[in-house]
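**Student:** To start, I am sharing the structure in question, which I have written as structure tokens.
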Amino acid sequence: MTQKITKKELLKREIKSNKVYYGMMAPFLIIFFTFTILPVIMSLFLSFTNFDMLNSPKFIGLDNYINLLLHDDVFLIAIRNTLILAVVIGPVSYAAAFIFAWLVNELPPKLRWVLTIVFYAPSISGSAFLLWQLIFNGDMYGYLNAFLINLNIIDAPILWLKTPEYALTIIIIVQLWLSLGISFLSFVAGFQTVDKSLYEAAAIDGIKNRWQELWYITLPQMMPQLMFGALMQITSSFGIGTVSTALLGFPSVEYSGHTIITHLLDFGAGSQRMELGYASAIATILFLMMIIANLAVQKLLRRVGTW
């Protein structure tokens, strides 16, 4: 008579048989839990409290969320600006990263890696904001003002960084310039991993041009890289804050460049308020927005992969 093995016993056997692999994963899992999972859990808990780091957290229920969504007008401006930036920058930067990676992949190896560095460099350049400050400088010596004055398009310099009407446009331009980062590298790597023999087989089966190769061969083979790139672009497009503070100041004029991240900084890290419970509620809302956007994009990409 055979003895029925429970799921718990099966799990123990699997762990025992693969203990070497679990041991190799342990350092990463410990670091990931300590610096990612645990802070998220702590932030979620603190979002229901009144906490200023001087006194013990005091549970206040949903008060932080009610104040944010119903009484904090600046936060509503931040949500609007963040959604506008995410809707524009997310898809455009994702498509740009893929297109540039596709074009670079068609080049000879030496030129390919040179251009890969050129396209990736802005995302890690520490002097990037200085360049854009020179371009959008509000006096007649600013590059953009000087160019437009020489063309007789404008008569006097424009205060680009202090005029609310231009704030989001400037952020979009600069963020798109910075956006060819990790996603671009992952796409370049993804193109290198596609099995070249599939193109020969597809040609025999009736594939006639490069567009059909891209749609029916390349994209399905690159699905892991496409998923990873989507996650990175969603995170970066919802997490815009550095560009706004570096170029437009903190806070920006009439909160024209205010985002959820800058609102979070205003109440949390690096501020005089130190209302960490309120800041945690802001972070939780941003986290939920990212999760929802990420699930929607993954569902869309899976559909594309099955066409």
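The values are calculated or read from the model by the stated rules, or taken from the named source; none is laboratory data. Remember, it's a predicted structure, so these values are computed and weren't measured experimentally. As a convention, Cβ positions derive from the backbone with ideal geometry for all residues, glycine included, and neighbour counts pool all protein chains shown.
**Student:** Identify the residue in segment 191-214 that is in contact (Cβ under 8 Å) with a residue 24 or more places away in the chain and assigned to a helix (DSSP H, G or I) and, among all such residues, is nearest to the chain's Cα centre (by Cα).
**Tutor:** Once the filter is applied, the top-ranked residue is F191.
**Student:** Would you tally the residues in segment 100-118 being farther than 14 Å from S183 by Cβ and either in a helix (DSSP H, G or I) or among the aromatic types (F, W, Y) (or both)?
**Tutor:** 11
**Student:** Given the structure, is A101 in contact with a helix residue (DSSP H, G or I) (Cβ under 6 Å, 6 or more places away or on another chain), modelled with pLDDT of 85 or more, at negative phi and of a type in the set (G, A, S)?
**Tutor:** yes
**Student:** Do you know which residues across segment 232-250 are out of contact with any helix residue (DSSP H, G or I) (no Cβ under 7 Å at 6 or more places or on another chain) and on the phi < 0 side of the Ramachandran plot?
**Tutor:** S236, T242
**Student:** When the residues of segment 89-147 are filtered to those that are in contact (Cβ under 8 Å) with a residue 24 or more places away in the chain and touching a Pro at 6+ places or on another chain (Cβ under 8 Å), which remaining residue is surrounded by the fewest Cβ atoms within 10 Å (Cβ to Cβ)?
**Tutor:** G138
**Student:** Just the residues that are in contact (Cβ under 8 Å) with a residue 40 or more places away in the chain, surrounded by fewer than 23 Cβ atoms within 10 Å (Cβ to Cβ) and outside any loop (DSSP other than H, G, I, E, B), please, taken from segment 244-254.
**Tutor:** Correct list: A246, L247, V253, E254.
**Student:** Given the conditions (1) under 20 Å from S123 (Cβ atoms); (2) β-branched (V, I, T); (3) at pLDDT 90 or above, which single one is not true for I260?
**Tutor:** Failed condition: (1).
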